[in-house]
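Scroll down for the structure; my scribbles are underneath it.
The values are calculated or read from the model by the stated rules, or taken from the named source; none is laboratory data. No experiment lies behind these values; they were computed from the predicted model shown. Every residue, glycine among them, receives a Cβ derived from its backbone with ideal geometry; neighbour counts consider all protein chains shown. Note: areas computed on protein heavy atoms with side chains; ligands, DNA, RNA excluded. Shrake-Rupley method; radii C 1.70, N 1.55, O 1.52, S 1.80 Å.
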Amino acid sequence: MSENSERSVTVERTSTGHFVATNARGGTISFGTGSDEFTPVELLLAALGGCTAVDVDLATSRHAEPSVFTVEVTGNKVNDEHGNRLTDLAVTFTVAFPDGEGADRARTILPRAVKTSHDRLCTVSRTVEIGTPVTARVEDA
């Protein structure tokens, strides 16, 4: 385990139904319930796709620059005896490499890179699949 293993973001309300998340490095992302914003559920889907996309990009692009690199993440939102949740999560890669040096190697690596990210490397998908308890608490302001 690394020395600095804790990760955190701070979410602040900016107005009714609108929020900004800030990470420790000062990066921000706005989200909320508006029609032109990402919802928290869409951010979860983006985190799943983004985490594994980074892994796959690092493994393949060292051999060849992709001409197409798209990751689609889907899920079905349900409300059942377990409450609101997503089911049937799927991460689908569409990646192409032009002809040229390293492209065959990148194409060969692609399926293994996707599998390795899913099975071992992507913290987001590993956390979702394994199922990590979440603690919610209230502190005085």
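For segment 25-81, the set of trypsin sites (Lys or Arg not before Pro) satisfying both a DSSP loop assignment and a count of at most 14 other C-beta atoms within 10 Å is given as ARG25, ARG62.
Of the GluC sites (Glu not before Pro) in segment 1-86, the ones in a loop by DSSP (not H, G, I, E or B) with at most 10 other beta carbons within 10 Å are GLU3, GLU6, GLU81.
Can you tell me the FRET efficiency between GLU72 and THR10 if r is taken as the Cβ-Cβ distance and R0 is 25 Å, rounded to the nearest 0.05? The value I calculate is 0.25. Out of the total accessible area of the chain (probe 1.4 Å, heavy atoms of protein only), what percent is carbon and sulfur? The C+S portion of the solvent-accessible surface of the chain is 51 percent.
Charged neighbours of ASP55, selected by a Cβ distance under 12 Å, balance to +2 (K, R count +1; D, E count -1). Over the chain, accessible surface divided per residue gives 74 Å², non-protein components excluded, 1.4 Å probe. Once all protein chains are placed together, HIS82 keeps about 130 Å² accessible to a 1.4 angstrom probe. If you keep only loop residues by DSSP, which chymotrypsin sites (Phe, Trp or Tyr not before Pro) in segment 1-104 have at most 16 other Cβ atoms within 10 Å of their Cβ? Here the sparse-neighbourhood loop sites are PHE38. Shape of segment 1-116 from its Cα gyration tensor (a ≥ b ≥ c, root eigenvalues): rounded if a/c is under 1.5, otherwise prolate when a/b > b/c, or oblate? Note, shape of segment 1-116 comes out prolate. What angle do you read, to the nearest 10 degrees and between 0 and 90, between the alpha-carbon axis of helix 40-61 and the longest principal axis of the chain? It works out to around 20 degrees.
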